[in-house]
1. Mind checking which of 81, 239, 359 has the largest fluctuation in a GNM of the chain, springs on alpha carbons under 10 Å?
2. Most fluctuating residue of 207, 98, 346 in a GNM of the chain with Cα springs under 10 Å: which is it?
3. Starting from the 7 Å offset along Cα-to-Cβ, what nm value, one decimal, do you get for the label separation of residue 363 and residue 10?
4. How big is the charge dipole of the stretch 283-381 about its Cα centre, in debye rounded to the nearest 20, if each Lys and Arg gets +1 on its Cβ and each Asp and Glu gets -1 on its Cβ?
5. Please state the charge dipole magnitude for the chain, taken about the Cα centre, from unit charges on C-beta atoms (+1 on K and R, -1 on D and E), reported in debye and rounded to the nearest 20.
6. Between residue 224 and residue 310, how many nm apart are label points set 7 Å from Cα along the C-beta direction?
7. Taking other Cβ within 10 Å of each residue's Cβ, how do 7, 76, 46 sort, fewest first?
8. Tell me the mean residue ellipticity at 222 nm calculated for the chain from its helices only (DSSP H runs of n ≥ 4, each -39500 (n - 2.57), averaged over every residue, nearest 500).
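Read-outs: derived from the displayed coordinates by stated rules, not from any lab. A quick note: this is a predicted structure, and the numbers were derived from the prediction, not measured. Here the Cβ positions follow ideal geometry from the backbone for every residue, glycine too, while neighbour counts run over all protein chains shown.
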Amino acid sequence: MSLTYQKLLVAVPLILRGGDVPTIVGEAGIGKSALVAEIAKKLGAKLFTTVVSLSEKGDLAIPIPPLNETSFLQTKNYGRLADIKFGYTHTLIQIIEQAEVEPDRTIIWFLDEFNRGSQAVQGELMNLVLQRQINDLVLPDNVKLILAENPDDSMQGFENAEYAVQTSDAAIKDRTTRLVMTVSVRDWLQWAASGKKRPHIHDLVRQFIAENAELLYPKNRDIDLNPTPRAWQRVSDNLFQLQKLTNEQQDELLFDIVAGDLGDNCATQFVTFVQEKTTSLTAEDVFDSLPSGPKLPQTIREKFESFSEIQKLNVMKTLLLTADMRLDNNAGRFSELLNLIAPDGQYALVKQMTSAPILDDLYASDNHYANVLYQQIMDIATR
């Protein structure tokens, strides 16, 4: 069994409240770190993160050379520790100082990539995880531990896992609660659309995943780069920045930047999608450009004719959603654009329009070009 992001937001705090240590197991890039950060935010907790895979044997256990008095932290309630500016020691000092300043505020110490550390490193951490003590230092009661691991082939359901990990000690497995994290497209899209100043994820990325859900985290993985929720977030961040460049620069850079996160195969699909979805003619371009009137300006006509059929349809759908077609100016220009679409595209567009209020609006209008557009739509629908 496995849990989605949203379910883990409930399950992990529940385990912490019970006084136990959760171990979140999941594939690389599916959002374990983001999950812990959100849990800390929801709990109002101070978060400290240590990447265990970057640690070396002895970071906690090797004796410290003689130091002067200013190199030591003497705490009121939790013992004495030397402040060494690497490994776990400095993080422990920060945690202890935080606990003494705000003894009632929860502190979360996140030990990420726990089973990618060597057996020796994991062994040094066992007292912290199991006994909440290292040497003569005892962790304050308000410090909660969360572990994260990549799956290994000894875990049920991950018999084919190929991560370069060290199997966790049996004592760790027995004393922590394993929570297997899975990717939920629904949860991810819900999170992607949220945000304060802007959505967490760019609209084009969200649309692509909504239409190609299996590509959020494909089951079939390439040897090199692969899509993951974390990789899609980088793609989104880069898209926001690319939009600040000229169109020419965007076209030159888009594929290579996307491929650098997703791999060539997925990048090809996504870039094609972007090119098809990106509307390069807005309602303002089409209906407000000079000279005014129901006749389509030549510059707009030429630009529209240069688009692929899919791009043309996307422009037309956008115009329908953003402009009032009862106006003669708009109806006349839209009618001309409709004539520039291939017959199959015309029929597909009109089929969508027949169930929308626009037909009733055009039929009821007293404007000449609105009536012309209505008749044109009827002719296409009855071919």
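1. Result: 359 has the largest fluctuation of those listed.
2. Most flexible of the set in this elastic network: 346.
3. 4.8
4. Rounded to the nearest 20 debye, it is 160 debye.
5. So the magnitude is around 980 debye.
6. Modelled inter-label distance: 2.3 nm.
7. Ranked by crowding around the Cβ, least crowded first: 76, 7, 46.
8. Theoretical 222 nm ellipticity from helices: -15000 deg cm²/dmol.
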